[in-house]
Amino acid sequence: MISFGGENGMKRSALVMGVLMMGASAPAMAAGQLPKTVVPVRYDITVDPDAATKRFTGRETITVTVKAPTRTVTLNAADLDIGSATIDGRKATLTADDKQQRITLTAAAPLKPGTHTLAFQWKGKINDTAAGFFAIDYKNADGTSARMLATQFEAPDARRFAPMFDEPSFKARFKLSAVAPAGQLAFSNMPATVSKLADGRQLYSFATSPVMSSYLLFLGMGDVERKTVMAGKTEIGIITRRGVVDQGDYALAEAKRLLTYYNDYFGQPYPLPKLDMIAGPGSSQFFGAMENWGAIFYFEPTLLFDPKRATESARQRIFTVVAHEMAHQWFGDLVTMKWWDDLWLNEGFASWMESKASADLNPAWNARASAVTEEREGAMGIDATAATHPIVRHVETVDQIGESFDAITYQKGQAVIGMLESTLGADTFRAGIRRYMARYKYQNTETGQLWAELAAAAGKPVAEIANDFTRQAGVPMVTVSAGACAGGQTPVTLTQSRFGLDAASKTPQRWRVPMVLSTLGGKATPAIVTAGAPNSIRLAGCGTVVGNLGKGSYARIAYDAPSHAAIVGDYAKLDLADRLGTLSDDFALALSGDQTLTPYFAVLGQVKQDASPLEWSTVNGQLSSLIGLFFGTPLEAPLRARSNQILSPVLARIGFVAKPGEEPLVTTLRESLISRLGVNGDPAVMAEARRYVAQLATNPTAIPPSIRQPILNSFAANATPEEWDALFALLKSTSDPVVKNGYVRLLGQSRNPALATRALGLLSGAELTAPQKGSLLATIAGRHPDLAFDWAVANLETVNGFLETSTRAQFVVGLGAGSSDPAMPGKLKAFAEKNIPVESRGGLTRALATIAVNKAAADRLREAVTAWLADAK
């Protein structure tokens, strides 16, 4: 799954109607998990949805294996009106536990070990947001209304579709059938045969799936188009609303390349007969795409490329999302984690594979280097705070499952996997992955089983190092001190400590840190940096010492003063990944107080106008972070002006509009520069933004696609009341659901509090869909966190009405995370005490840590930033 933000708890309410027998007991089970006495073998499910009323009926037979005598069978159900429940054809007593989202069937007599059948009939609801069975409302090109139906079951939402053993370890086969209106297409994990019913509707009978976890089941339905290509024996399809299927050509072609690449890498051919990619025209507060086996669901911007509107970064994003979800067809679908403690086995590996595939199949993007400043920094930013947690974390509740979809699981997981590949060697690492896939296909695993296969391939232990990074939280820091070169060798002392942005994250820990070092241009030397006494090594050659060569290790690098001065002097000679890593480490070490801003500014001074686009993208992001730290203070305006002085010449050099044949990274740099300069209010950029946007009323594609989004962002941030009205008029005039969703977000981007208040007014009306309202409120919070949070608290019933149930425990507290108001932490705590269960407050912890870290960093850097600004005058 591609998750948004990561701060998405999963507060669930359950209403299971049936015969209730309160006080009945269920067999003992692991905390938060179903008993293993009864396990499913096969589901036969038939559903009949009514899209107009957003209701559906269902019936199923579950073939189960009873492992030990029992009178009770416990499984999951939520928001289902169950009218009938039987065991082996005999009526069973049904007990509902709404809080645990479980039902227990009690048989008249004990069930003997062996095969039995459970049968249910029920009524369910089709939701407005992406949980369980849900509807996506949109307009066709001619302005007529349309509705697509789809399902979203990860994490535990299959139980909203049918009674199920809705945990990843309960793998079973699924035989799904669905009734669809005449003229519509239904689609699922497997191919279907279609028959006509007496009333003119269609019955889709999908082939039986391989054994898989319940969260991977999928059903979609609507007035759609499908386009296919063959990749060997596998049919790859794109399914879209009518009129846009050709926008799937790019994803279709890249999926074909990726399937060949993954079949080879994993050593196991993709096992299903088809692989559909479904484009939904809506949006979600929780996710952007979902890896349902053989039927991957995407929201349109992550799959469809509109050549008249999409930027280069959007095109690259389509590739990486498709690569991520396709990697899940092996890591997650073919081999699945046993329980949510090991979610990272799914998401960390899919994140790593998307980057690896990007690097191998699109070398011009320089994905390995960009991962240093994007994914690695995203992980460390959370991992170095009190809100962090181990990659492998204990999970019991539904809310805790949702909290696991965060940057630690995804980006830190990705970084640690990359570190292990770098340590073992690419070929050895791949051999271990192939062993793992071959041994555990169609099964469930835990993290230790992966380490065992990697160790077997490498012929040496892996778990000791790997566990240091997956079973404890935090970021190691290694300080490099180089001595005088003698006899052609340079002595180096390496001292380990812990990098942290707050006191809690500086608590001492020990790691075994694999790392490569070298003198500049010299022989690379591997080392394992341990805690305690300083580590001493000797490097071949004389000259500047580079720590964590290639930035392959998950660690911060600090240098003593002479070693850092050498890095600054030879900055231009470093490889790109090391230049990016040095910029990132020095900036982070200033934020944490481990060093001043002086080393960072020294390195920044070495970034020349013709530096790599990735270097300038990194600098742009760091200047933006400084502005954010001092948002709303007297330093904000001069920081904007200073960043404009630094960045404007770079934009002038590469030009305002893309040139034919230019490098993709130059194109994406232009996007980020225009956005930053425009949001800063740069007069030249704003003049262009206003000129382009003025043309949209008569020419919806007037803005060149390569700069469309940054131009719109610039315009929206600086909009006057009249210009905000113009954006609102554009919103109302378009029928394209993706364009409409984009305009909704733009309405929340103004820095003018009065316009933000006008945008909040839209949340109480009927103009926007439920997903659009959630998107707008989150966008407003980006610039006006206090305003957004206070409005949400005052209108909580309204807010809960448009939020996905999977986000409620995290969403509202997350709105306040960007606040610098000293009163906000108390307000967040008061809200949580009243509205969020204690076990579901991971989002609160994250918000409080963010506020505290930002305040501490601002206080720490204020004097240095003030001096830097004064020196520039």
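The values are calculated or read from the model by the stated rules, or taken from the named source; none is laboratory data. Keep in mind it's a predicted model, so treat the numbers as computed, not measured. Cβ coordinates were reconstructed from backbone atoms using ideal geometry, including for glycine residues, and neighbour counts include every protein chain displayed. When the accessible area is computed, the model is the full protein with side chains, heavy atoms only, and any ligands, DNA or RNA have been set aside. Shrake-Rupley method; radii C 1.70, N 1.55, O 1.52, S 1.80 Å.
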Above-threshold pairs, the threshold being 23 Å between Cα atoms, out of Lys139/Lys732; Lys356/Lys412; Lys54/Lys834; Lys99/Lys123: Lys54/Lys834
Which aspartates and glutamates, on any chain, are close to Lys227 with Cα under 17 Å apart, when same-chain ones fewer than 8 places away are left out? Glu235, Asp246, Asp249, Glu254, Asp276, Glu300, Asp306
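Of all alpha-carbon pairs in region 566-718, indicate the percentage at a distance above 27 angstrom.
On the way: 3214 of 11628 pairs.
Here the tail beyond 27 Å accounts for 28 percent of pairs.
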In a shell of Cβ-Cβ distance under 11 Å around Gly294, excluding Gly294 itself, what net charge do Lys and Arg (+1) and Asp and Glu (-1) give? -3
As a Kirkwood estimate from alpha-carbon pairs, region 108-219 has a hydrodynamic radius in angstrom of 16.1
If I model a spin label at Thr698 and Ala108 as a point 7 Å from the Cα along the Cα→Cβ vector, what separation in nanometres do I get? 8.1
Only helices at least 20 Å long along their axis, Cα-based, and averaging 0.5 or more on Kyte-Doolittle count here, so list those DSSP H runs from the chain. 576-592, 664-679
Can you put Tyr261, Tyr204 in order of accessible area, largest first, using a 1.4 Å probe? Tyr261, Tyr204
Where does each of Lys573, Lys256 land when they are ordered by accessible area, with a 1.4 Å probe and the largest first? Lys573, Lys256
For region 218-274 the translational diffusion coefficient, Stokes-Einstein from a Kirkwood Rh over Cα pairs at 4 °C and viscosity 1.567 mPa s, in µm²/s, is roughly 105
Quick one: accessible surface of Lys441, probe radius 1.4 Å, all protein chains present, in square angstrom to the nearest 10. 80
Taking the Cα centroid of region 276-323 and of region 595-657, what is the distance between the two, rounded to the nearest whole Å? 31
Accessible area, probe 1.4 Å, largest first, for residues His324, His784, His394: His394, His784, His324
So what is the calculated 222 nm ellipticity per residue for the chain, using -39500 (n - 2.57) for each DSSP H run with n of 4 or more, over all residues, to the nearest 500 deg cm²/dmol? -12500 deg cm²/dmol
Got the relative contact order for region 626-708 handy, in percent, Cα pairs under 8 Å and 6 or more residues apart? 26
Residues whose built amide H sits under 5 Å from the amide H of Gln595, excluding neighbours closer than 5 in sequence, are Ala590
Find the accessible area per residue for the chain; the probe is 1.4 Å, ligands and nucleic acids are left out, and the unit is Å². 36
What is the set of long-range amide H partners of Gly132 at a cut-off below 5 Å, with H atoms built 1.01 Å from backbone N? Gln152
For region 317-386, what relative contact order do you get, as a whole percent, if you take Cα pairs closer than 8 Å and at least 6 residues apart? 28
Could you please state how large a percent of the accessible area of the chain is carbon and sulfur, counting protein chains only and using a 1.4 Å probe? 55
Zero-based 5 Å bins, Cα pair distances in region 779-824, whole percents: 5, 25, 32, 26, 10, 3
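Can you give the extra length, in nm with one decimal, that the chain gains between Ser536 and Ala198 once fully stretched, where that is 0.36 nm per residue apart less the Cα-Cα distance?
Details: separation 338, 0.36 × 338 = 121.68 nm, distance 8.16 nm.
So the extension gain works out to 113.5 nm.
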Probe 1.4 Å, all chains present, heavy atoms only: Trp340 accessible area in Å², nearest 10, is 10
Take the alpha carbon gyration tensor of region 326-383, find the square roots of its eigenvalues, order them as a ≥ b ≥ c, and report rounded if a/c is under 1.5; if not, report prolate when a/b exceeds b/c, else oblate. oblate
In the chain, how does Rg compare with the Kirkwood Rh, expressed as the Rg/Rh ratio over alpha carbon atoms? 0.96
For region 260-361, what is the relative contact order in percent, using Cα pairs closer than 8 Å and at least 6 residues apart in sequence? 22
Accessible surface of Asp406 - all protein chains present, 1.4 Å probe, nearest 10 Å²: 0
11 Å beta-carbon shell around Arg556, net charge (K/R +1, D/E -1): -2
Out of residues 5 or more away from Thr93 or on other chains, whose amide H comes under 5 Å of its own, with H placed 1.01 Å from N in the peptide plane? Thr106
Taking the Cβ of Phe266 as the centre, find all other residues whose Cβ is under 13 Å away and add up their charges (Lys, Arg: +1; Asp, Glu: -1). +3
